[in-house]
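Here's the structure we're looking at; comments come further down.
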Amino acid sequence: MGFFGWFTWAAKRVVSLRPVAQRAGATTLLDGFKGYLQTDGYSGYNPACEQYTLISVGCMDHVQRKFKDALDAAPKKKTNQTNTVDKAAVALALIKKLYNIERQIKDLSEKQADFTSEHIKAYRQQNSIPILEEIKAFLDTNVSKVPKDSLTGIAIHYMLNQWKKLTVYCTCGELRISNILAENAIRPFVVGRKAWLFADTPQGAHASAVCYSIVESAKHNGLEPYHYIHDLLTRLPYAETVDEIETLLPWNINKSQ
């Protein structure tokens, strides 16, 4: 059994496969990396953050999904019941306010060419922080009022456990409220992966991860994967030095032509 890890840098996307019990995958791939690492709540990323002093950033989309699952599973109220609001609905309404602010920021960025990351940070400090404080107060008030193993309880505990990471995006205008862009980018790859599910050997899985990485890095750099791989395999046999090989990388190949 194993899992595929997905990592996006400025110019490349790397797919890595590691056995489920082995948590060194992220640590190995992130060797030498500095800065922010935005992920879901999977604890396997924590050793890399600690070892390389990375700033861990949470994903609000994952929180939102947990509360939505709780709301969808809640029994439907009858018409004669008291008109009480489900706690998951309250949480979702507050989280929605945070996303509304992000849409406002996007609109301002599109309309104002001089709307920099510092402006984004200031806008979030002024508008998002008060909402986050309201959410934190709501969580602290209700964490003991719902069963811990209920879907709402799970969502509340998850958000509280991730709280520090979930608020980091307000400290830097370059960050995003969630890693949904990475998830959207990986979706075609995940759909394909589900078509065959298993690799017979670790070597085969590694070979698949290499192929995924080449294709996704080509797409990430605006290259059509088939044409890039065709060009790569045509020119690679004639590359004799490291510099010549590096000119064939997806983020360099346009410059070398």
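Computed quantities for the displayed model
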read-out	value
Charge sum, other residues only, whose C-beta stays under 13 Å from I154's C-beta, Lys/Arg counted +1 and Asp/Glu -1	+3
Measure of compaction for region 203-252 (Cα Rg per 2.2 N^0.38 Å)	1.16
Cβ charges +1 (Lys, Arg) and -1 (Asp, Glu), total dipole of region 31-137, debye	580
Residues whose placed amide H lies under 5 Å from that of I55, excluding near-sequence neighbours	G35, Y36, L37
At R0 = 30 Å, FRET efficiency that the Cβ-Cβ distance of A185 and K97 yields, to 0.05	0.65
Label-point separation, K164 to Q51 (7 Å along Cα→Cβ), nm	2.0
Y238-Q104 pseudo-label distance in nm [points 7 Å out on the Cα-to-Cβ vector]	5.7
Potential extension, E133-V210 segment - 0.36 nm per residue separation minus Cα distance	23.4 nm
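Every number here is computed from the coordinates shown, using simple stated rules; none is lab data. Note that the structure is a prediction, hence the values are computed from the model and not measured. A quick note on method: Cβ atoms are made from the backbone with ideal geometry, for glycine too, and the neighbour counts reach across all protein chains shown.
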